[in-house]
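One structure is given here, and the rest of the page talks about it.
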Amino acid sequence: MKILGIGNAIVDVICKVQDSFLADNELTKSTMKLVDESEFKKLLSSLKIEETVSGGSVANSIVGLSQLENKVGFIGKVNDDDLGEKYEKGLKKENVEYFYSKKKEELPTGTCLILITPDSERTMCTFLGTAGKIDENDVDVNAVKSSEITFLEGYLWDEGEPKTAFDKAILNSSKVAMSLSDLFCVERHKSHFLDLVKNKLDITFANEQEIISLIDAKNFDEVISFSKNLGKLIVLTRGEKGSIAINRNEVVECDIQKNLKIIDLTGAGDLFAAGFLHGHVNNLSLKESLEKGTEMSSKIIQQIGARF
C-alpha cells in the first residue's frame with residue numbers, strides 16, 4: 001500500500017450562510033471550532049443543508065490519492081449508526097481500504113458543519129463524537145507497517161487516547177507525514193506539534209499562518225531558515241503566493257493557477273496534500289509534486305465540498 005491515512009472520520013454537513021450568521025453565533029471566519037452535540041444541533045436547526053458527504057481532512061486527501069490510482073487505506077473511528085454506515089460506504093465507493101471495524105459506541109459518529117459564506121470561505125463547527133475517542137487499539141499495526149507512508153492530521157492529535165494512537169502509528173511507520181490542520185490546533189498544541197515536526201515527522205504540511213505560529217517566526221524568511229536547518233521535507237501553502245517545498249537546501253516554489261471560479265475553499269489543503277503526496281510516492285520531483293498539489297486544489301475549490 002502506498003499511503004495509509006489516520007484521521008477524524010467525520011461526516012460533513014454543508015450549508016450556505018451569510019456573514020451575519022457567523023457574527024450572530026460568535027464564529028471566527030475560516031477557522032474550525034469544536035462544539036458539543038447540543039450546540040451542533042442548535043446551529044443546524046435554522047439552516048438548509050446543501051449536501052452531506054463523508055469527510056475528515058486526511059480522509060479527503062486519501063480519497064484524492066485513490067482517485068489518482070494509488071493504493072491507499074484509512075483508519076478512523078465511527079459508531080455503528082446511520083452516519084457511520086454512510087461514512088464507510090463513502091470510502092469503499094472510492095476504493096479506499098477501511099481498516100476499522102465499527103461497533104456500538106457511547107458517542108455517535110462525528111459530524112462537521114461547514115458554513116460557506118458568499119466569499120467562498122468556509123468556517124467549520126465540528127462535533128467530534130466517537131472520532132475523537134480513537135486510541136491505540138484502533139490502529140491496525142499490520143496496515144501501518146505495510147504502507148510506504150502514514151499520513152496523520154493535526155486535528156486528531158489530543159492528549160489522552162488519540163495521543164496513544166499517534167504514538168503507535170509513528171512507532172511502526174516507515175515514513176510519517178502530517179498536516180498541521182488549523183491555526184487553532186497549532187496554538188492549542190504548540191509544544192507537542194513542534195516536537196513532532198522536529199523529531200518525529202518526515203513530511204510536514206502547513207499553511208503560512210500555521211508554520212509562522214508554530215515557530216513564532218517574525219517573517220517568512222525565518223520559516224525558510226528553520227525549514228532548511230531541519231533537514232526534513234516541509235511543504236507550505238501561501239494562498240495567493242502559491243506554495244513552496246523545502247528539503248534541506250532545496251527550496252522550490254510553485255505559483256497558483258489564475259482565473260479560477262472559486263466556489264468553496266473546503267478541502268483545498270486536503271487535495272493539495274493528496275496531489276503532492278501522489279508526486280512524492282511516485283518519484284516525481286518537488287516541483288512536479290507541488291504542481292500536482294496545485295492542480296488538485298484548484299479543481300476542488302471550483303465546486304461545493306471536498307470530494308470530486
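The values are calculated or read from the model by the stated rules, or taken from the named source; none is laboratory data. Predicted model only: the values in this text are computed from it and were never measured. As a convention, Cβ positions derive from the backbone with ideal geometry for all residues, glycine included, and neighbour counts pool all protein chains shown.
Kindly indicate which of L83, L43 is modelled with pLDDT under 95 and aliphatic (A, V, I, L, M).
Exactly one of L83, L43 is modelled with pLDDT under 95 and aliphatic (A, V, I, L, M), namely L83.
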Inset, instruction - Scan segment 122-130 and give yes if some residue there is touching a Pro at 6+ places or on another chain (Cβ under 9 Å) and among the basic types (K, R), otherwise no. - result: no
Inset, instruction - Can you tell me which residue within segment 197-233, out of those that are polar (S, T, N, Q), in contact with a helix residue (DSSP H, G or I) (Cβ under 7 Å, 6 or more places away or on another chain) and in a helix (DSSP H, G or I), is surrounded by the fewest Cβ atoms within 10 Å (Cβ to Cβ)? - result: Q209
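Residue-by-condition table, conditions (1) surrounded by fewer than 19 Cβ atoms within 10 Å (Cβ to Cβ); (2) on the phi > 0 side of the Ramachandran plot; (3) modelled with pLDDT of 95 or more:
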{"site": "S147", "(1), (2), (3)": "no, no, yes"}
{"site": "F151", "(1), (2), (3)": "no, no, yes"}
{"site": "W157", "(1), (2), (3)": "no, no, no"}
{"site": "G160", "(1), (2), (3)": "yes, yes, no"}
{"site": "F166", "(1), (2), (3)": "no, no, no"}
{"site": "S173", "(1), (2), (3)": "no, no, yes"}
{"site": "A177", "(1), (2), (3)": "no, no, yes"}
Inset, instruction - Those residues that are hydroxyl-bearing (S, T, Y) and more than 17 Å from the chain's Cα centre (by Cα), I need them from segment 263-301; list them, please. - result: S285, S289
Legend entry - segment 268-304, residues that are over 17 Å from A206 (Cα atoms), at pLDDT 95 or above and among the polar types (S, T, N, Q): N282, N283, S285
Inset, instruction - Inspect all residues belonging to segment 256-276 and state whether any of them is crowded, with 21+ Cβ neighbours inside 10 Å, of a type in the set (S, T, N, Q) and under 26 Å from L4 (Cβ atoms). - result: yes
Inset, instruction - Starting from residues that are acidic (D, E) and within 16 Å of the chain's Cα centre (by Cα), keep the ones in segment 148-197 and report whichever is farthest from D138 (Cα to Cα). - result: D182
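Across segment 179-191, what is the number of residues that are in a helix (DSSP H, G or I) and crowded, with 16+ Cβ neighbours inside 10 Å?
Number of matching residues: 4.
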Inset, instruction - Output the residues belonging to segment 71-125 that are of a type in the set (G, A, S) and closer than 25 Å to H278 by Cα. - result: G73, G76, G90
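Among the residues of segment 234-245, is any touching a strand residue (DSSP E or B) at 6+ places or on another chain (Cβ under 6 Å), surrounded by 15 or more Cβ atoms within 10 Å (Cβ to Cβ), under 26 Å from K16 (Cα atoms) and not polar (S, T, N, Q)?
No, that holds for no residue.
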Legend entry - Out of E148, E106, E121, sole residue that is in contact with a helix residue (DSSP H, G or I) (Cβ under 8 Å, 6 or more places away or on another chain), farther than 19 Å from V96 by Cα and not hydroxyl-bearing (S, T, Y): E106
Inset, instruction - Of all residues in segment 111-124, count the ones that are more than 15 Å from the chain's Cα centre (by Cα) and surrounded by 22 or more Cβ atoms within 10 Å (Cβ to Cβ). - result: 2
Legend entry - Evaluation of S147 against (1) in a loop (DSSP other than H, G, I, E, B); (2) touching a Leu at 6+ places or on another chain (Cβ under 6 Å); (3) without any contact (Cβ under 8 Å) to a residue 40 or more places away in the chain; (4) of a type outside the set (K, R) (one fails), failing number: (3)
Legend entry - Among the candidates A131, A143, residue that is touching a strand residue (DSSP E or B) at 6+ places or on another chain (Cβ under 6 Å), surrounded by fewer than 23 Cβ atoms within 10 Å (Cβ to Cβ) and not aromatic (F, W, Y): A143
Legend entry - D255 being touching a helix residue (DSSP H, G or I) at 6+ places or on another chain (Cβ under 6 Å), in contact (Cβ under 8 Å) with a residue 12 or more places away in the chain, of a type in the set (D, E) and closer than 28 Å to E121 by Cβ: no
Legend entry - Single match in E153, E97, E161 (criterion: in contact (Cβ under 8 Å) with a residue 24 or more places away in the chain and in contact with a Phe, Trp or Tyr (Cβ under 8 Å, 6 or more places away or on another chain)): E97
